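Worksheet: one structure, shown below.
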Amino acid sequence: MIERLLESLDKATCNFCAVKEIERRLVEAGYSELALEESWNVKPGGRHYIKKNSSSIFAFHIGSGMAEGEGFRIVAAHSDSPGFKLKPNPEIYGENGVTLLNVEKYGGGILYTWFDRPLSMAGRVLLKSDNPFRPEERVFDLRRPLATIPHLAIHFNRAVNEGNALSVQKDMKPVIGRFSKEEIEEYKKEGGVVKKTVADHLGVSADDIIGQEIWLYPVGAPVIDGWHGEYFQSGRIDDLSMALTGLEAFIAASKENSGPRHTRVLAIFDNEETGSGTKQGAHSPFLKNAMERICRATAGGDAEAFHRNLQKSFLISADDAHAYHPNYPEKHDPTNHPYIGGGPVVKINANSKYMTDGHSSAVFAALCERAGVKCQYFVNHGDVAGGSTLGNILTGQLEIAGVDMGCAIWAMHSACETAGVSDHEETEKVFRYFYL
């Protein structure tokens with residue numbers, strides 16, 4: 001399971017590539033896509049998925065008990081991670097032909113972890129088509145080092161290790177190379193270095209590219225490390241490790257029990273790192289609308305079926321948690337600090353930043369016990385304000401019980417994060433039991 005997770009994590013270099021990889025694995029497992037703009041002819045036992053913006057994807061294994069209100073069992077995670085996104089017309093042609101990229105920060109990343117790494121580009125471009133409302137879309141990943149953000153040498157800033165405030169606009173511009181005047185003029189005719197390079201990679205004309213969303217990512221495959229091989233390290237662990245673990249369990253449960261009474265749902269949203277306030281984010285009615293359409297189609301058009309099903313539904317909002325850091329014990333709650341290797345983590349907040357309450361925490365603890373897995377608890381240090389995630393956002397759309405949880409990781413929002421092998425194996429067991 002871990003090998004498959006790491007292979008998929010390596011392919012999921014941005015939100016679009018993550019959804020493309022999840023879609024590939026769903027199709028291999030026998031799931032078919034439903035078009036959002038068409039009527040859905042779905043039946044109990046059906047295995048389907050839908051996409052929005054090519055950056056969020058929901059999969060459904062429809063149960064036989066929709067009319068009776070057997071409910072939905074949902075694992076939700078997100079496809080996006082903090083990083084850097086290229087601005088339009090990103091090239092900054094500098095002195096002696098040295099060319100930089102103009103970038104915008106996405107989410108709350110740890111900026112200095114991006115210095116001095118080989119970086120590549122992935123994302124999507126939109127091409128001219130016969131219908132201006134339907135441009136052709138191409139998702140791509142250049143898969144080779146093309147840029148770096150060089151740090152200023154310590155000789156020019158002797159106090160760098162005493163604290164170093166960073167400006168995204170000044171300090172974080174990647175260098176992509178040095179070009180002659182002739183090369184620069186030729187690239188400008190083609191819309192710039194980036195557009196020409198992506199066009200050549202895709203085998204299209206640069207003139208046909210009329211829109212783009214391009215991300216930088218650190219080059220390098222995920223690795224297993226630790227003295228006993230107990231850790232793995234990668235970019236984008238938060239939250240793709242939970243999305244891909246959910247996918248693993250979702251597919252495995254469909255093989256183990258092909259005729260459930262309840263309906264299984266894997267819901268991978270985009271834009272959690274920036275507040276979820278998009279059409280493909282958890283603040284939108286996208287998931288609610290899809291679930292309601294499935295209920296109506298499989299319950300003979302009964303408008304009340306959706307509401308009956310919600311009463312027996314349960315949501316696991318899966319987003320990674322902060323692991324106890326041995327160098328900074330004072331940052332953690334004294335009695336509720338999860339360890340890497342200690343199992344899945346239930347996330348609790350008195351101010352309702354998480355959807356977990358006493359009932360849902362008990363449900364998840366019981367699921368762990370039945371699956372033969374130990375669970376841990378995370379509560380913020382009393383003097384530290386907590387963040388939020390998908391769970392409590394989704395309760396604004398759905399009247400549903402659920403729990404916020406995740407696996408404990410180090411260096412959350414770093415360009416390279418660290419997680420536990422056994423934690424993800426045990427979380428897959430819990431998700432699979434939940435789906436069954």
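Here is the figure for the range 147-170: residues that are among the charged types (D, E, K, R) and either touching an Asp or Glu at 6+ places or on another chain (Cβ under 7 Å) or open to solvent by less than 50 Å² (accessible area, probe 1.4 Å) (or both) total 0.
On the given criteria, is Thr298 in contact (Cβ under 8 Å) with a residue 40 or more places away in the chain, closer than 20 Å to Glu70 by Cβ, buried (at least 18 other Cβ atoms within 10 Å of the Cβ) and in contact with a Pro (Cβ under 8 Å, 6 or more places away or on another chain)? It is true that Thr298 is in contact (Cβ under 8 Å) with a residue 40 or more places away in the chain, closer than 20 Å to Glu70 by Cβ, buried (at least 18 other Cβ atoms within 10 Å of the Cβ) and in contact with a Pro (Cβ under 8 Å, 6 or more places away or on another chain). Can you name every residue in the range 15-54 that is open to solvent by 70 Å² or more (accessible area, probe 1.4 Å) and either without any contact (Cβ under 8 Å) to a residue 24 or more places away in the chain or hydrophobic (A, V, I, L, M, F, W, C) (or both)? Scanning the range 15-54 gives Arg24, Val27, Glu28, Glu33, Glu37, Glu38, Ser39. Can you say whether Glu68 is surrounded by fewer than 16 Cβ atoms within 10 Å (Cβ to Cβ) and assigned to a loop (DSSP other than H, G, I, E, B), as far as the supplied structure shows? Considered against the rule, which asks whether it is surrounded by fewer than 16 Cβ atoms within 10 Å (Cβ to Cβ) and assigned to a loop (DSSP other than H, G, I, E, B), Glu68 comes out as yes.
Taking every residue in the range 309-335 that is surrounded by 24 or more Cβ atoms within 10 Å (Cβ to Cβ) and pairing it with any residue that is among the aromatic types (Phe, Trp, Tyr) and assigned to a helix (DSSP H, G or I), at least 6 positions away or on another chain, the pairs with Cβ-Cβ distances below 8 Å are Ile316/Phe364; Ile316/Phe431; Ile316/Phe434; Ala318/Phe431.
If you go through the range 360-413 and pick out every residue that is open to solvent by 30 Å² or more (accessible area, probe 1.4 Å), β-branched (Val, Ile, Thr) and touching a Phe, Trp or Tyr at 6+ places or on another chain (Cβ under 7 Å), you end up with 1. Among residues of the range 392-435 being hydrophobic (A, V, I, L, M, F, W, C) and in a loop (DSSP other than H, G, I, E, B), the one that is nearest to Ala253 (Cα to Cα) is Cys407. A residue that is under 30 Å from Lys312 (Cα atoms), open to solvent by less than 10 Å² (accessible area, probe 1.4 Å) and in a strand (DSSP E or B) occurs nowhere in the range 91-108. More than 21 Å from Gly229 (Cα to Cα), touching a Leu at 6+ places or on another chain (Cβ under 8 Å) and not in a strand (DSSP E or B) - does that describe any residue in the range 365-380? No, the conditions are met nowhere in the range 365-380.
Among the strands (runs of 3 or more DSSP E) confined to the range 120-231, the ones with at least 2 residues that are in contact with a Ser or Thr (Cβ under 7 Å, 6 or more places away or on another chain) are located at 136-141, 175-178.
Each row is one residue, and each column tells you yes or no for (1) more than 23 Å from Ala321 (Cβ to Cβ); (2) in a helix (DSSP H, G or I); (3) of a type in the set (A, V, I, L, M); (4) open to solvent by less than 10 Å² (accessible area, probe 1.4 Å).
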residue: Thr245; (1), (2), (3), (4): no, yes, no, yes
residue: Ala249; (1), (2), (3), (4): no, yes, yes, yes
residue: Ser254; (1), (2), (3), (4): yes, yes, no, yes
residue: Pro260; (1), (2), (3), (4): yes, no, no, yes
residue: Leu266; (1), (2), (3), (4): no, no, yes, yes
residue: Glu273; (1), (2), (3), (4): no, yes, no, no
residue: Ser284; (1), (2), (3), (4): yes, no, no, no
residue: Lys288; (1), (2), (3), (4): yes, yes, no, no
residue: Glu292; (1), (2), (3), (4): yes, yes, no, no
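The values are calculated or read from the model by the stated rules, or taken from the named source; none is laboratory data. Because the structure is predicted, anything quoted here is derived from the model rather than measured. Virtual Cβ from ideal backbone geometry, glycine too; neighbours counted across all protein chains shown. The protein model used for the area step is the full one, side chains on, heavy atoms only, and it has no ligands, DNA or RNA in it. Shrake-Rupley method; radii C 1.70, N 1.55, O 1.52, S 1.80 Å.
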